[in-house]
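Student: Below you'll find the structure I mean.
The values are calculated or read from the model by the stated rules, or taken from the named source; none is laboratory data. Just so it is clear, the structure is predicted and the values come from calculations on it, not from any experiment. Here Cβ is always computed from backbone atoms with ideal geometry, including for glycine, and neighbour counts include all displayed protein chains. Heads up: the accessible areas ignore ligands, DNA and RNA and are worked out on the full protein's heavy atoms, side chains in. Shrake-Rupley method; radii C 1.70, N 1.55, O 1.52, S 1.80 Å.
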Amino acid sequence: MARSSCKLALKELKQWMMPQKVETSLATYPSSAEIVAEPLGVVLVISTWNFPFSLSLDPVIGAIAAGNAVVLKPSEIASATSSLLSRLVGEYMDKSAIIVVEGAVAETSALLEQKWDKIFFTGGARVGRIVMAAAAKNLTPVTLELGGKCPAVVDSNVNLQVTSRRIVAGKWVCNNGQACIGVDYIITTKELAPKLIATLVSVVEEIFGKDLMESKERSRIINSFHFKRLVNLLEEDKVSNKIVFGGQREESQLQIAPTILLDVPEDSMIMQEEIFGPLLPIITVERLEDSFAMINRKPKPLAAYLFSDDEQIKRKFVQNIYAGGMAINDTILQVTVPTLPFGGVGESGMGSYHGKFSFDAFSHKKAVLYRSFAGDSPTRYPPYTPGKKKQIKALLSGKLLNIMLALLGFYKD
């Protein structure tokens, strides 16, 4: 994805940079106008650990394309990638345009104390609030790419095999659940749930093998802290007896097997916070439409997924579910489409990027009006005598007259 973003920027940058011609109003006649994209200045990009290469470089590509200088702060949790980025950027890129600052909380805090022209942050909501508070001191604009509990709603009329494969891809194949757009939980009908679980188990074993803990096809949990956090979600009293598949774990290897849980309580920790791991709760409802209210009771997610062949259900889902983005009958692939913006809403973030949206995220859209010295009407300037008003009324009539008079201030007492 990082390479694709680079190629797209190189191909389209000339077009992105061109001033956008816009129409003008009668009040400014004769004139022309355009919107000019200009760099914001010096920007700070703070990236995260789960996809530490692409989530670092993708926003940097947009920032450089828009003409900014960039300071990149990779995540210290993915320390090997952070070190690699620091070495490669220093070796191959113009240090006057981009530098990498490595470090942990102290270094990030020191960076946030500086004045920036834009801060772009990818991570969790807790740190996102810290970033936004720091930016507010200098009125610095921010883009926050956060996360949330991304639901997948499964209708009873679907191809269960294809649906299950795509859910497995959007959950366990995708970094073992450590993805902000990964499927966090499933909602389906009570009638379909047993069939869906059986098919999911079959697909998981087909992809990862019968012995899930021996599979080389899955990511490890990133570190001990997150391993213990996930185990705590599993071992909560009202959750531990809801496991219907998986649940095996080995802390020394930072491995947790794909795990499916059925009908965990909605007030449990696993249903209140973003899971960000290989645990998949399935919640059942009597009618599929009941899932809409359940989703909208929670903070707005970064992504929402629906599997259905019912066109009416699809329309209702798109119209009634609030989310940063959606995919119908698939998972996660929406982020690979460069003509779609990627970003959250509410608790899942603000602002968007990818493709031209990345260029726009790091640009100021400057409004420019061009006029000549011709066409300078004396009716514009005081004193506003009755003769001037009569002259305008002779030229204009109806609604347009009222608009022009209001613009020129003739309705002032």
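Student: Being hydrophobic (A, V, I, L, M, F, W, C), out of contact with any Leu (no Cβ under 9 Å at 6 or more places or on another chain), surrounded by 12 or more Cβ atoms within 10 Å (Cβ to Cβ) and farther than 30 Å from G41 by Cα, is that true of even one residue in the range 326-338?
Tutor: Checking the range 326-338: at least one residue is hydrophobic (A, V, I, L, M, F, W, C), out of contact with any Leu (no Cβ under 9 Å at 6 or more places or on another chain), surrounded by 12 or more Cβ atoms within 10 Å (Cβ to Cβ) and farther than 30 Å from G41 by Cα.
Student: Continuing with the same structure: Can you confirm whether G128 is open to solvent by less than 30 Å² (accessible area, probe 1.4 Å) and touching a Lys or Arg at 6+ places or on another chain (Cβ under 9 Å)?
Tutor: So G128 does not fit the description; no.
Student: K115 - would you say it is of a type outside the set (A, V, I, L, M), modelled with pLDDT under 95 and surrounded by fewer than 17 Cβ atoms within 10 Å (Cβ to Cβ)?
Tutor: No; evaluated as a whole, the condition is false for this residue.
Student: Scan the range 258-314 for residues that are of a type outside the set (V, I, T) and in a helix (DSSP H, G or I) and jot them down.
Tutor: Those that are of a type outside the set (V, I, T) and in a helix (DSSP H, G or I): M269, M271, Q272, D290, S291, F292, A293, M294, N296, E311, Q312, K314.
Student: Right, another one. With respect to V45, is the statement that it is over 21 Å from I119 (Cβ atoms) and β-branched (V, I, T) true?
Tutor: It is false that V45 is over 21 Å from I119 (Cβ atoms) and β-branched (V, I, T).
Student: Tell me yes or no: at least one residue of the range 237-257 is open to solvent by less than 20 Å² (accessible area, probe 1.4 Å), assigned by the TED database to the domain that holds E217, within 27 Å of F317 (Cα to Cα) and touching a residue at least 40 places away in the same chain (Cβ under 8 Å).
Tutor: Looking for residues that are open to solvent by less than 20 Å² (accessible area, probe 1.4 Å), assigned by the TED database to the domain that holds E217, within 27 Å of F317 (Cα to Cα) and touching a residue at least 40 places away in the same chain (Cβ under 8 Å), one finds none in the range 237-257, hence no.
Student: Report, by residue number, each residue of the range 118-136 that is among the charged types (D, E, K, R) and touching a Pro at 6+ places or on another chain (Cβ under 8 Å).
Tutor: Result: K118, single match.
Student: Right, next: Could you identify the single residue in T188, T199 that is in contact with a strand residue (DSSP E or B) (Cβ under 6 Å, 6 or more places away or on another chain), modelled with pLDDT of 95 or more and of a type outside the set (A, V, I, L, M, F, W, C)?
Tutor: It is T188.
Student: State yes or no: is E217 in contact with a Phe, Trp or Tyr (Cβ under 6 Å, 6 or more places away or on another chain) and loosely packed, with under 15 Cβ neighbours inside 10 Å?
Tutor: In short, yes.
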